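Working notes, beginning with the structure itself.
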Amino acid sequence: MMRSKSVALGFLLGTLVCGGALGFSLDRVMTRQACDAGSDRQAVRAYMASRLQLSASQRDAVDSLLDIRHREMSKIVAPVKPQLDSVREETRAQIKRLLDSGQQRRFEDWVNESKKEESKQQ
């Protein structure tokens with residue numbers, strides 16, 4: 001009786017972890033797409049400046065702050081980036097297993113496009 005409870009709990013925890021990783025990955029992809037309507041930092045900054053009607057000096061100051069934030073966040077993420085990349089790749093492999101061959105090709109194309117965009121932004 002105790003063994004079956006342990007197995008059920010282990011299965012539940014495994015499902016929770018996999019679901020969380022999948023949800024996190026999909027959220028990142030979808031959020032990136034939403035921000036990406038031509039997706040580079042400059043486009044986002046231009047949109048922000050336009051939306052807030054920033055003056056030239058305000059825009060320069062905001063750009064400097066965003067540059068600092070990007071550098072600081074990159075430093076924070078650097079130690080765990082290999083783990084994040086591993087989770088991302090495992091999730092992509094799991095998603096790919098759910099797809100038929102045509103969907104797998106389209107998914108691969110989409111992943112490759114995402115990788116190219118990511119490398120441009122770095």
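The values are calculated or read from the model by the stated rules, or taken from the named source; none is laboratory data. Note that this is a predicted model, so its numbers are computed, not measured. Note that each Cβ is placed from the backbone with ideal geometry, even for glycine, and that neighbours are counted across all protein chains shown.
Some notes on this structure:
- Matching residues in the stretch 46-96 - criterion: being on the phi < 0 side of the Ramachandran plot and of a type in the set (S, T, N, Q): S50, S55, S57, Q58, S64, S74, Q83, S86, T91, Q94
- Close contacts from the stretch 80-91, counting a first residue that is surrounded by 14 or more Cβ atoms within 10 Å (Cβ to Cβ) and a second that is assigned to a helix (DSSP H, G or I) and polar (S, T, N, Q), with Cβ to Cβ under 9 Å and a gap of 6+ residues or different chains, come to V87/S25; R88/S25; T91/S25.
- Residue count for the stretch 92-122, restricted to those that are without any contact (Cβ under 8 Å) to a residue 12 or more places away in the chain and within 25 Å of D40 (Cβ to Cβ): 10
Here is a yes/no grid of residues against (1) of a type outside the set (S, T, N, Q); (2) under 20 Å from the mean Cα position of the chain (by Cα); (3) in a helix (DSSP H, G or I):
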| residue | (1), (2), (3) |
| --- | --- |
| M48 | yes, no, yes |
| S57 | no, no, yes |
| A61 | yes, no, yes |
| I76 | yes, yes, yes |
| D85 | yes, yes, yes |
| A93 | yes, yes, yes |
| G102 | yes, no, yes |
| R105 | yes, no, yes |
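- A61 over 22 Å from E118 (Cβ atoms) and modelled with pLDDT of 85 or more: yes
- The requirement of being modelled with pLDDT of 90 or more and under 19 Å from E117 (Cα atoms) is satisfied by R71.
- Top-ranked residue of the stretch 21-51 - restricted to ones that are more than 20 Å from A93 (Cα to Cα), surrounded by 11 or more Cβ atoms within 10 Å (Cβ to Cβ) and of a type in the set (A, V, I, L, M, F, W, C), ranked as modelled with the lowest pLDDT: C35
- Matching residues, the stretch 107-122, being surrounded by 11 or more Cβ atoms within 10 Å (Cβ to Cβ), at pLDDT 90 or above and among the charged types (D, E, K, R): E108
- Qualifying residue in the stretch 92-103 (condition: farther than 30 Å from G14 by Cβ and either in contact with a Cys (Cβ under 9 Å, 6 or more places away or on another chain) or among the hydroxyl-bearing types (S, T, Y) (or both)): no
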